[in-house]
1. For the chain, which whole percent of the accessible surface, found with a 1.4 angstrom probe, sits on carbon and sulfur atoms?
2. Among 213-219, 244-250, how do they line up by average Cβ neighbours within 10 Å per residue, starting with the highest?
3. What is the magnitude of the charge dipole of the stretch 59-118 about its Cα centre, with +1 placed on the Cβ of each Lys and Arg, -1 on the Cβ of each Asp and Glu, and no other charges, expressed in debye to the nearest 20?
4. To the nearest 20 debye, what is the magnitude of the charge dipole of the chain about its Cα centre, counting +1 on the Cβ of each Lys and Arg and -1 on the Cβ of each Asp and Glu?
5. Treating each Cα of the stretch 57-157 as an identical point scatterer and ignoring solvent, apply the Debye formula and state log10 I(q)/I(0) at q = 0.13, 0.17, 0.21 Å⁻¹.
6. Using only the Cα atoms of the stretch 165-263, what are the Rg and Dmax in Å?
7. Which ³J(HN,Hα) values, rounded to whole Hz and listed in residue order, are derived for the stretch 231-237 from phi using the Karplus coefficients 6.51, -1.76 and 1.60 in 6.51 cos²θ - 1.76 cosθ + 1.60 with θ = phi - 60°, glycine and proline given as x?
8. For the chain, what is the accessible area per residue in Å² when the probe is 1.4 Å?
Amino acid sequence: MNTKPFTSDLGENAVLITRVADRQWHALDDDLVVGRGHAQHRPDGRLFVTIDAWHEAAFDRLAEAMTAELPTPLYTVVDAADVELTAGWMRAGFTIRRREWEYVVPTDPRVTGLADVLPPPGVTIVPAGQADEGQLRAVDRAIRDEVEATVGWQSMPAEVVPRPEGDTIVDPSKYAVAAAPDRYLGLIRVVRVKRPRIGLVAVRAGEQRRGIARALLAHALGTLHHSGSTAAWAEVHESNQAASTLFEGIGARPMSSNLELVR
């Protein structure tokens, strides 16, 4: 356990920054916890940090201690409306890397207009958990290479950024796919934790504009609707106009936006 004193504006005593566990820190003012910091690797291999502090000074000292001990690059995500938190991270040397809009997506086909949507001829939808893992990884790799060659994979949702070994498939059971007889053409990932999240919808470049993405959404949202979920959530990079148009076309509405910052 490491303890490092800093001069403090909070009281007569110095603030103590204490590492209480692996990648966990507390800020103490006269033995009172006035802030907590935490670092955690995401499935994609990137290291994200969070700080919950009562005072600006405690935040700054936690950020100083954490960034001194942790390897770079470091990432964090903040609500774009939280100006004070964003400013705190920028004081710590972070810069804005990307903005994502969070959409709330209705699942009722009477609202989305997807009730009668079917995949194009020769294409079938394979439900989540039934996809062939080899073909799933092949279509994921092909789409990733296509995206990287054009707008860049950094335009994709933050949680599907490639892990160090270049694999974005964390849990194959979360993916439904659009299948042709000889290969998979597209995929959709839905994760249920506290609420259903559409983490990714993607189609091979040569198969786009055939209605495959809408068919994947129709399948995934219909499945959620039948299971009792009235809404799902999705994040869209601010520059991805095609994705924004797709979601807004089925009645989805932006509710908030998040900033991803990097040091």
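The values are calculated or read from the model by the stated rules, or taken from the named source; none is laboratory data. Computed from a prediction, not measured in an experiment: that's the story for all the values here. In this analysis, Cβ positions are derived from the backbone assuming ideal geometry, glycine residues included, and neighbour counts consider all displayed protein chains. For accessibility, only protein heavy atoms count, side chains too; no ligands or nucleic acids. Shrake-Rupley method; radii C 1.70, N 1.55, O 1.52, S 1.80 Å.
1. 50
2. Highest-to-lowest ranking by the protection proxy: 213-219, 244-250.
3. Using only the charged Cβ atoms, the result is roughly 200 debye.
4. Its charge dipole is roughly 880 debye.
5. Evaluating at q = 0.13, 0.17, 0.21 Å⁻¹ gives log10 I(q)/I(0) of -0.84, -1.03, -1.18.
6. Here Rg and the maximum Cα pair distance are 14.2, 46 Å.
7. Calculated HN-Hα couplings, in order: 8, 10, 10, 8, 10, 10, 4 Hz.
8. 51
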